[in-house]
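Structure first, commentary second.
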Amino acid sequence: MASPSGQNDLDAWFNSKSAAGVNEGSLTFLTSAPVKPLHHHQNTIRLSPDSLTTGWTALTQCHDNLDAVPRAQITFREGYIRELRVTESRLIEQAWIQGPTVQLREVSPGARLCLEAQTRALKDMGNGYYNLFNGPYMRKFLDGYYPMQVSLSIEYPADMLGVIDVSPPEQTGFNVIQKPGRLSVSTIFEGELRTLIQFERKSPSDLIGK
């Protein structure tokens with residue numbers, strides 16, 4: 001696992017007003033899974049009514065088939081994560097919280113790790129529009145990027161918000177399923193993946209008769 005890109009790049013991305021340029025550089029969606037087990041990164045993000053004011057969301061995150069390495073870390077943006085804790089650790093000698101990171105020691109083949117936290121991922125763009133940012137997701141070593149599987153589930157108050165855009169858009173290798181109050185993404189890719197979900201707040205007239 002690699003740390004995210006530089007803090008300045010992340011801040012610029014988080015503060016952008018458009019979905020354009022969400023993914024820059026190498027990103028290739030795969031149409032079939034490799035034979036070997038993949039690192040599967042699973043995120044569930046829950047938006048509450050309070051999230052619209054504070055920007056804070058509830059995160060549940062799990063990693064299956066972590067790469068077997070002596071040391072690794074999972075890094076979050078400093079100032080955008082709180083109440084970070086490990087809820088499950090299997091086939092990992094030691095896992096501990098250090099600032100905005102989770103440090104791992106002696107990760108064995110088939111390892112699993114689960115976390116819970118609060119993340120400040122929702123940004124009020126004004127005029128009733130909100131952006132939810134995720135990523136970057138990557139599996140990178142010194143010689144380049146390797147395939148990774150990501151499953152992302154977004155839960156939101158359907159009586160308050162509606163999804164108006166998803167970036168990257170749905171395409172072969174990047175599957176998006178939408179239901180009222182829930183949006184799910186599943187993908188296998190190589191490179192760096194950033195996602196942006198754009199919401200619009202519903203007006204009282206939208207709710208009449210519902």
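Readers should treat all values here as calculations from the given coordinates under stated rules, not as data from a laboratory. Computed from a predicted model, the values in this text were never measured in an experiment. Using ideal geometry, Cβ is built from the backbone for each residue, glycine included, and neighbour counts are taken over all protein chains shown.
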* Label-reachable residues, segment 48-84, where backbone N falls under 18 Å from a point 7 Å from Ala158's Cα toward its Cβ -> 48-49
* If the viscosity is 1.306 mPa s and the temperature 10 °C, what Stokes-Einstein diffusion coefficient in µm²/s follows for segment 94-161 when Rh is the Kirkwood radius over Cα pairs? -> 100 µm²/s
* Check: segment 74-210 dipole with +1 on Lys, Arg Cβ and -1 on Asp, Glu Cβ, in debye -> 180 debye
* Principal axes of segment 61-120: Cα extent on each, largest first, Å -> 32, 17, 14
* **Fewest-first sequence of His39, His63 by Cβ atoms within 10 Å of each Cβ** => His39, His63
* Please list the radius of gyration and Dmax for segment 112-203, considering alpha-carbon atoms only, with Å as the unit. => 14.6, 50
* Structure fact -> The extension gain from Ile97 to Phe29, computed as 0.36 nm times the residue separation minus the Cα-Cα distance, is 21.3 nm
* Among 84-94, 46-56, what's the highest-first ranking by average C-beta atoms within 10 angstrom per residue? -> 46-56, 84-94
* To do: Using only alpha carbons, build the gyration tensor for the chain and give me the equivalent ellipsoid semi-axes, biggest first, whole Å.
  => 30, 19, 16
